[in-house]
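Report on the structure given below.
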């Protein structure tokens with residue numbers, strides 16, 4: 001990582017800390033450092049590349065909070081395990097979480 005990119009990264013980390021924004025560092029690509037920052041209703045993935053470029057991806061919540069029943073849907077939809085010979089999650093009605101599974105926000 002070039003020194004100017006490193007300085008840019010450090011300056012951004014200082015801004016996050018000054019703003020009291022929680023973050024973690026990650027290394028997903030050979031040529032970049034990632035900052036994962038979390039603020040209410042959003043998660044940011046910011047990557048600083050060794051060529052000086054920066055990529056920002058924002059994940060914004062719609063505010064819905066789901067109950068424990070959503071865990072089986074998540075695992076069924078995103079597990080890497082083979083599900084040969086098993087029913088799809090949609091066959092069990094897991095693709096749509098029923099209204100009673102939503103946790104009311106106070």
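Some notes on this structure:
- Residue list for the range 40-55, restricted to those being more than 14 Å from residue 30 (Cβ to Cβ) and not in a strand (DSSP E or B): 40, 41, 52, 53
- Residue 70 out of contact with any strand residue (DSSP E or B) (no Cβ under 6 Å at 6 or more places or on another chain), over 23 Å from residue 4 (Cα atoms) and modelled with pLDDT under 60: no
- Just one of (1) under 20 Å from the mean Cα position of the chain (by Cα); (2) at pLDDT 95 or above; (3) not in a strand (DSSP E or B) fails for residue 15. It is (1).
- Taking residues in the range 10-32 that are in the same structural domain as residue 46 (by TED's automatic domain parsing) and surrounded by 11 or more Cβ atoms within 10 Å (Cβ to Cβ), and partners anywhere that are part of a helix (DSSP H, G or I) and modelled with pLDDT of 95 or more, the pairs with Cβ atoms closer than 7 Å and at least 6 places apart or on different chains are 23/16.
The values are calculated or read from the model by the stated rules, or taken from the named source; none is laboratory data. Note that the structure is a prediction, hence the values are computed from the model and not measured. Note: ideal-geometry Cβ built from the backbone for every residue, glycine included; neighbour counts use all protein chains shown.
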